[in-house]
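Report on the following structure.
The values are calculated or read from the model by the stated rules, or taken from the named source; none is laboratory data. Computed from a predicted structure; not experimentally measured. Here the Cβ positions follow ideal geometry from the backbone for every residue, glycine too, while neighbour counts run over all protein chains shown. These area figures cover heavy atoms from the full protein model, side chains too; ligands, DNA and RNA do not enter into them. Shrake-Rupley method; radii C 1.70, N 1.55, O 1.52, S 1.80 Å.
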Amino acid sequence: MGSYAMHRTAAAVATLAAASVIIFFFIHAIPGDPLYVLLGDSATPDQVDALRTRLGLDQPIVFQYFQWLANVARGDLGTSIFFQAPVTRVIRDGAETSILLASITMIWITLIGVPVGVIAAMRHGSWLDQCLSGVAMLLASIPTFWVGLYLILIFAAWLGWLPSSGYPSIFEQGGLTNLRYLLLPSLALAAPNAALILRLTRASMLDVAREDYIRTARAKGIRPMRVILRHILRNALLAVVSAFGFTFAALISEAVVTETVFALPGIGQLVVQSILRRDYPVIQGIILVTVVLYLAVNLLVDLSYRLLDPRVELS
Amino acid sequence: MIAATRSFLVPFIRRPVAAAGLGILVCMTAAAILAPILAPYDPSKIEPISRLLPPNAAHWFGTDQFGRDILSRVIYGARLALLIGVGVVSFALITGVPAGVLSALYPRFGRVMMRLIDVLMSFPALLLALGLIVILGRGVSNAILAIGVVYLTTTSRITYGLTLRLRTETYVEAANSMGAGALWTIRKHVLPNLVSPLLVQASFVFAFAQLSAASLDFLGLGAPPEIPSWGNMLAEGRIFITRAPWLLFFPGFAIAITAFSLNLVGDALRDRLDPRFRNMLNGNRR
Amino acid sequence: MLRVRDLSISIGGQTGFTDIVSSVSFEIGKGEILGLVGESGCGKSMTSLAIMGLLDRAGPWVRTGRVELAGFDVIHSEPYQRVEAGHGGIAMIFQEPMSSLNPVMKIGEQIEEAIAVHQRTPGAKRTLTARELLEMVRIPDAAMQLDAYPHQLSGGMRQRVMIAIALACQPQVLIADEPTTALDVTVQAQILSLLRELCDTLGLSILFITHDLGVVAQLVDRVAVMYAGRVVETATVERIFSAPAHRYTEALLSCLPDAAHRGQRLTTIPGQAARPGQVRQGCTFAPRCRYAVDVCASDAPPDALLPGDHHALCHFPRGVSP
């Protein structure tokens with residue numbers, strides 16, 4: 001266990017280190033004086049001078065990078081130009097919405113994608129399978145925000161069952177009932193990803209069903225249902241688990257758009273607005289946080305995959 | 001050439017759905033090329049008296065908030081969709097294929113290159129594109145570049161994997177053992193065998209490029225607002241969703257049907273591939 | 001014990017089908033090993049899968065025939081259906097021990113699963129039974145290996161585990177589909193002697209499928225030779241090697257390299273093996289047979305019965321003057 005986990009963690013840290021260089025130079029790649037980029041165009045010369053000394057911008061660039069890295073390690077991601085507040089706090093304010101949205105969406109994806117994929121595989125070749133696979137591919141091809149807009153139209157505007165936008169914190173008035181604000185967004189966000197997981201579950205079930213050891217299981221005289229659940233599904237899920245890594249990445253990307261459609265006060269909407277406001281430190285901070293998160297999720301998927309598949313130990 | 005065309009069409013025989021997908025793509029391409037002839041109105045002509053009209057005999061798809069004909073705008077939108085798709089696919093192939101092939105043939109170069117790709121892949125796709133847009137600025141070519149970088153990563157990864165596989169094929173080893181040079185091996189054995197898998201990859205990239213470009217447009221960070229792109233139409237029509245639901249239906253449908261057709265075509269082509277390569281082409285990244 | 005009668009397996013639809021196995025009949029007595037011999041593609045594996053009830057729903061299908069196990073017809077029934085009907089007694093081991101075991105399940109679990117289905121043993125005792133089975137197939141450290149995963153075992157060990165799983169099904173008949181083809185020669189010999197021993201001690205009947213005449217000579221009691229989907233000759237192993245009657249069997253045996261002809265060119269059978277269904281008229285072997293005459297190409301050969309329950313599907317069997 002130890003050496004494998006350490007090896008994977010080291011690889012993730014190395015990737016993160018390289019990514020951090022790119023993220024650091026992001027500010028320098030933006031046209032214009034990095035100081036004005038960091039402080040906004042309305043900065044006074046005094047502020048500019050103060051920041052120059054603080055960041056050591058007269059120092060060599062490599063030194064500046066390590067200075068920035070040290071600040072990041074201390075939890076200092078800089079100051080938002082728009083909010084005039086620490087970037088960490090700005091991001092933290094949006095975290096609740098985004099984390100809850102992602103979690104609920106993940107639940108949908110697992111609850112819909114895997115079982116329906118199993119059913120499609122079991123009825124493989126039937127009209128039901130063809131319908132499910134067709135619908136899945138259609139859902140994977142539809143822009144999330146388009147689905148979102150029509151969900152708003154139907155369930156919020158016409159039927160009035162659910163709120164159309166915004167999200168008050170579950171720690172404010174309303175408590176957990178505020179989660180209903182996330183129902184439509186999470187469904188819109190889940191649709192294409194559940195479709196992909198469905199297709200993947202189906203495909204890997206069919207792949208595993210062709211394996212020799214499934215023939216062995218059938219030869220033993222086990223009932224078909226048990227063959228499907230204990231032998232086929234258990235092996236097919238290995239591929240599905242490893243897909244949760246890139247599903248999470250897709251989720252981050254699509255959450256940016258979905259949060260904008262539903263006006264959710266999350267990190268996704270924050271990054272879009274920060275781009276429009278030219279609030280570069282916030283953009284940089286968000287990119288850094290998502291990369292860390294994404295690498296962490298992938299590492300976790302990797303390690304849990306290893307627990308599920310006894311063969312990985314050797315390689 | 002004829003043989004090549006015929007072998008391309010084989011996967012679509014007896015697969016009516018995939019054939020329909022191919023048909024839709026042909027229509028879309030035709031619409032893009034013939035837009036000035038096909039479109040009943042000037043897509044940018046503002047007509048204040050006929051604002052937000054529902055679909056009718058004069059305006060089959062209705063009109064938008066400025067009285068512009070939606071059908072004409074959807075037809076012209078195909079031009080941008082095609083441009084984005086071709087642009088992103090070309091960029092991804094031109095950069096990704098050499099990177100992948102060379103990485104597989106020269107392990108030392110490959111180790112550095114693939115690490116670099118790993119790093120790029122640690123950025124979620126849309127955030128990477130958004131970051132590049134911040135640096136490059138808004139615009140069609142910048143959108144193509146930004147999305148192209150995202151798919152350069154997957155394309156080079158897949159090419160790398162395929163080339164590694166091909167190198168260990170018995171016939172390639174046989175060629176090497178008979179003294180074939182690296183360039184000869186690439187030209188005679190690697191590249192021809194990459195064509196089919198990369199065609200599959202290209203159709204998926206084309207599909208995802210549509211969705212990514214629509215997202216950028218929708219966020220106001222893609223094509224400039226004066227260009228009638230499907231994404232821009234959705235972005236502008238958004239606030240009229242309750243008053244004029246048709247406003248969003250047609251451009252959104254155009255995006256969906258294009259991506260859907262491309263996925264169908266990609267799937268049909270993939271099912272014809274050698275099974276050993278088939279599973280390498282699941283690298284969906286959005 | 002096991003009696004296969006007139007088994008035909010076809011591909012294609014109900015109309016316009018092609019037989020890939022035609023009218024195969026043989027029987028295996030208690031404690032007997034029958035070798036089903038033939039070149040690859042002759043339909044021998046298909047026959048075994050059909051007997052076992054493991055043909056894919058979408059693939060080839062059983063058109064006619066009966067498979068009688070201790071008097072009951074079990075054709076068309078999958079293993080679990082046989083278990084439920086109380087005729088669970090056929091088990092099978094396969095060619096590829098590397099891929100025939102579930103990679104994510106412990107060896108013990110996989111054996112216990114079969115025990116649970118075929119023997120009404122309470123949960124706690126199953127582990128014990130599984131261990132006994134592993135000991136019976138000569139796996140060292142049986143108790144420890146119960147917790148091993150398939151990838152931790154060698155090919156020979158995995159094939160032993162497969163045999164243990166098969167024995168857990170308490171079979172009367174064991175079908176072994178080329179069980180030693182993928183193994184080293186030394187391991188092969190060990191597995192063969194294990195099978196012989198099980199056959200003698202447990203009174204197991206074995207249908208042993210192989211293309212290897214050497215293995216046949218070592219192990220089996222009687223031989224059925226298959227060519228292009230048909231059983232062309234059945235006889236005791238002694239008669240097959242000393243007095244083959246069918247011209248195909250004769251040609252096959254003459255291909256065996258032998259020390260007396262060292263340094264000479266190896267014999268081969270001219271032409272290519274007919275694909276099942278390819279020859280529609282006459283004897284399927286006629287196009288390659290050097291004794292063939294007109295009647296061989298036009299008329300289906302009769303079932304020639306020779307002394308000692310020796311059958312040959314041939315117009316002019318060897319050793320019988322016309």
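What helices (runs of 4 or more DSSP H) completely inside the range B:192-286 contain at least 2 residues that are modelled with pLDDT of 90 or more and either open to solvent by 10 Å² or more (accessible area, probe 1.4 Å) or of a type in the set (Asp, Glu) (or both)? Give the steps one after another, and end with the answer.
Details: elements: B:230-237, B:246-271, B:275-278.
So the answer is B:230-237, B:246-271.
From the list A:ALA209, A:ALA263, pick out the single residue that is more than 10 Å from chain B (Cβ to nearest Cβ) and at positive phi. First the steps, then the outcome.
Numbers: A:ALA209 fails: at positive phi.
Just a single option satisfies the conditions, and that option is A:ALA263.
When residues of the range C:69-78 are filtered for being touching a residue at least 40 places away in the same chain (Cβ under 8 Å) and surrounded by 14 or more Cβ atoms within 10 Å (Cβ to Cβ), how many remain?
So in the range C:69-78, the residues touching a residue at least 40 places away in the same chain (Cβ under 8 Å) come out as C:69-70, C:75.
Going one step further and asking which of them are surrounded by 14 or more Cβ atoms within 10 Å (Cβ to Cβ), we end up with C:69, C:75.
Of the residues in the range C:69-78, 2 are touching a residue at least 40 places away in the same chain (Cβ under 8 Å) and surrounded by 14 or more Cβ atoms within 10 Å (Cβ to Cβ).
Being small (Gly, Ala, Ser), in a helix (DSSP H, G or I) and free of Cβ contacts under 8 Å to residues at least 40 places away in the same chain narrows it down to one of A:SER274, A:SER242, A:SER253, so name that one.
Details: A:SER274 fails: free of Cβ contacts under 8 Å to residues at least 40 places away in the same chain; A:SER242 fails: free of Cβ contacts under 8 Å to residues at least 40 places away in the same chain.
Residue meeting the stated conditions: A:SER253.
In contact with a Pro (Cβ under 7 Å, 6 or more places away or on another chain), at positive phi and either within 14 Å of another protein chain (Cβ to nearest Cβ) or touching a residue at least 12 places away in the same chain (Cβ under 8 Å) (or both): which single residue out of C:ALA182, C:ALA228 fits that description? Give the steps one after another, and end with the answer.
Numbers: C:ALA182 fails: at positive phi.
Residue meeting the stated conditions: C:ALA228.
Residues of the range A:202-239 being outside any helix (DSSP H, G or I) and without any contact (Cβ under 8 Å) to a residue 12 or more places away in the chain, which ones?
Taking the range A:202-239 as the starting set, the residues that turn out to be outside any helix (DSSP H, G or I) are A:210-211, A:220-223.
Passing the criteria: A:ARG210, A:LYS220, A:GLY221, A:ILE222, A:ARG223.
Count, please, the residues in the range C:30-47 that happen to be out of contact with any Gly (no Cβ under 7 Å at 6 or more places or on another chain) and open to solvent by 30 Å² or more (accessible area, probe 1.4 Å).
Count: 6.
Out of curiosity, is C:ASP19 surrounded by 19 or more Cβ atoms within 10 Å (Cβ to Cβ) and either part of a loop (DSSP other than H, G, I, E, B) or more than 13 Å from chain A (Cβ to nearest Cβ) (or both)? Steps first, answer last, please.
Details: surrounded by 19 or more Cβ atoms within 10 Å (Cβ to Cβ): yes; either part of a loop (DSSP other than H, G, I, E, B) or more than 13 Å from chain A (Cβ to nearest Cβ) (or both): yes.
Spelling it out, C:ASP19 is indeed surrounded by 19 or more Cβ atoms within 10 Å (Cβ to Cβ) and either part of a loop (DSSP other than H, G, I, E, B) or more than 13 Å from chain A (Cβ to nearest Cβ) (or both).
Which condition does C:LYS30 not pass, out of (1) closer than 16 Å to C:GLU178 by Cα; (2) assigned to a loop (DSSP other than H, G, I, E, B), if it passes all the others?
In the conditions (1) closer than 16 Å to C:GLU178 by Cα; (2) assigned to a loop (DSSP other than H, G, I, E, B), C:LYS30 misses (1) alone.
Within the range B:115-127, which residues are hydrophobic (A, V, I, L, M, F, W, C) and open to solvent by less than 20 Å² (accessible area, probe 1.4 Å)?
Narrowing the range B:115-127 to residues hydrophobic (A, V, I, L, M, F, W, C): B:116-117, B:119-121, B:123, B:125-127.
Answer for the range B:115-127, where residues must be hydrophobic (A, V, I, L, M, F, W, C) and open to solvent by less than 20 Å² (accessible area, probe 1.4 Å): B:ILE117, B:VAL119, B:PHE123, B:ALA125, B:LEU126, B:LEU127.
Only one of these is modelled with pLDDT under 95, more than 9 Å from chain A (Cβ to nearest Cβ), part of a helix (DSSP H, G or I) and surrounded by fewer than 22 Cβ atoms within 10 Å (Cβ to Cβ): B:SER141, B:SER103. Name it. Before the answer, list the steps.
Working: B:SER103 fails: surrounded by fewer than 22 Cβ atoms within 10 Å (Cβ to Cβ).
B:SER141 is the lone residue from the list that is modelled with pLDDT under 95, more than 9 Å from chain A (Cβ to nearest Cβ), part of a helix (DSSP H, G or I) and surrounded by fewer than 22 Cβ atoms within 10 Å (Cβ to Cβ).
Can you confirm whether C:ARG66 is open to solvent by 40 Å² or more (accessible area, probe 1.4 Å) and within 13 Å of chain A (Cβ to nearest Cβ)?
Values: open to solvent by 40 Å² or more (accessible area, probe 1.4 Å): yes; within 13 Å of chain A (Cβ to nearest Cβ): no.
The answer is no for C:ARG66.
With open to solvent by less than 10 Å² (accessible area, probe 1.4 Å) and under 22 Å from C:GLN119 (Cβ atoms) as the only criterion, which of C:ILE191, C:ILE240, C:ILE175, C:ILE209 stands out? Break it down stepwise before answering.
Values: C:ILE191 fails: under 22 Å from C:GLN119 (Cβ atoms); C:ILE240 fails: under 22 Å from C:GLN119 (Cβ atoms); C:ILE209 fails: under 22 Å from C:GLN119 (Cβ atoms).
Being open to solvent by less than 10 Å² (accessible area, probe 1.4 Å) and under 22 Å from C:GLN119 (Cβ atoms) holds for just one of C:ILE191, C:ILE240, C:ILE175, C:ILE209, which is C:ILE175.
Considering only the range B:58-94, state which residues are open to solvent by 50 Å² or more (accessible area, probe 1.4 Å), assigned to a helix (DSSP H, G or I) and of a type outside the set (Phe, Trp, Tyr).
Listed by number, the residues that qualify are B:ARG79, B:LEU83, B:VAL86, B:LEU93, B:ILE94.
Of a type outside the set (Asp, Glu), closer than 18 Å to B:LEU145 by Cα and in contact with an Asp or Glu (Cβ under 7 Å, 6 or more places away or on another chain): does that describe B:GLY231?
Numbers: of a type outside the set (Asp, Glu): yes; closer than 18 Å to B:LEU145 by Cα: yes; in contact with an Asp or Glu (Cβ under 7 Å, 6 or more places away or on another chain): yes.
Answer is yes for this residue.
So how many residues does the range A:15-24 have that are open to solvent by 30 Å² or more (accessible area, probe 1.4 Å) and either touching a residue at least 12 places away in the same chain (Cβ under 8 Å) or among the polar types (S, T, N, Q) (or both)?
Going through the range A:15-24 one residue at a time, the tally reaches 2.
Could you check the range A:102-201 for helices (runs of 4 or more DSSP H) lying wholly inside it with 1 or more residues that are surrounded by fewer than 16 Cβ atoms within 10 Å (Cβ to Cβ), within 13 Å of chain B (Cβ to nearest Cβ) and β-branched (Val, Ile, Thr)?
Working: elements: A:114-122, A:127-141, A:144-151.
Here the list reads A:127-141.
Being touching a residue at least 60 places away in the same chain (Cβ under 8 Å), open to solvent by less than 40 Å² (accessible area, probe 1.4 Å) and over 25 Å from B:ASP267 (Cα atoms) is the filter here, so list the residues in the range B:148-184 that pass it.
The answer is none; no residue qualifies.
Evaluate the range C:284-304: report whether one residue or more is over 30 Å from C:PHE17 (Cα atoms) and open to solvent by 20 Å² or more (accessible area, probe 1.4 Å).
Looking for residues that are over 30 Å from C:PHE17 (Cα atoms) and open to solvent by 20 Å² or more (accessible area, probe 1.4 Å), one finds at least one in the range C:284-304, hence yes.
Which condition number in (1) free of Cβ contacts under 8 Å to residues at least 40 places away in the same chain; (2) farther than 30 Å from A:LEU16 by Cβ; (3) out of contact with any strand residue (DSSP E or B) (no Cβ under 8 Å at 6 or more places or on another chain); (4) among the basic types (Lys, Arg) is the one that B:ARG108 fails?
The one condition B:ARG108 does not meet is (2).
Applying the selection to the range A:247-306, what residues are over 14 Å from the mean Cα position of the chain (by Cα), modelled with pLDDT under 90 and open to solvent by 10 Å² or more (accessible area, probe 1.4 Å)?
A:LEU276, A:ARG277, A:ARG278, A:TYR280, A:ASP302, A:LEU303, A:SER304, A:TYR305, A:ARG306
Within the range A:42-82, track down each residue that is free of Cβ contacts under 8 Å to residues at least 12 places away in the same chain, open to solvent by 30 Å² or more (accessible area, probe 1.4 Å) and within 21 Å of A:SER274 (Cβ to Cβ).
The answer is A:SER42, A:GLN47.
Give the range B:27-42 a look and list any residue that's in contact with a strand residue (DSSP E or B) (Cβ under 7 Å, 6 or more places away or on another chain) and either in a helix (DSSP H, G or I) or surrounded by 15 or more Cβ atoms within 10 Å (Cβ to Cβ) (or both), or say none.
First pass over the range B:27-42, keeping only residues in contact with a strand residue (DSSP E or B) (Cβ under 7 Å, 6 or more places away or on another chain): B:40-41.
Residue satisfying the conditions is B:TYR41 alone.
Within the range B:211-269, take every residue that is hydroxyl-bearing (Ser, Thr, Tyr) and either closer than 15 Å to B:ARG79 by Cα or within 7 Å of another protein chain (Cβ to nearest Cβ) (or both) and give me the one that is nearest to the chain's Cα centre (by Cα). Step through it out loud before you land on a result.
Step one: of the range B:211-269, the residues hydroxyl-bearing (Ser, Thr, Tyr) are B:212, B:215, B:229, B:242, B:258, B:261.
Applying the additional criterion that residues be either closer than 15 Å to B:ARG79 by Cα or within 7 Å of another protein chain (Cβ to nearest Cβ) (or both) yields B:215, B:229, B:242, B:258.
On the way: B:SER215: 14, B:SER229: 15, B:THR242: 31, B:THR258: 10 Å.
Only one residue tops the list, namely B:THR258.
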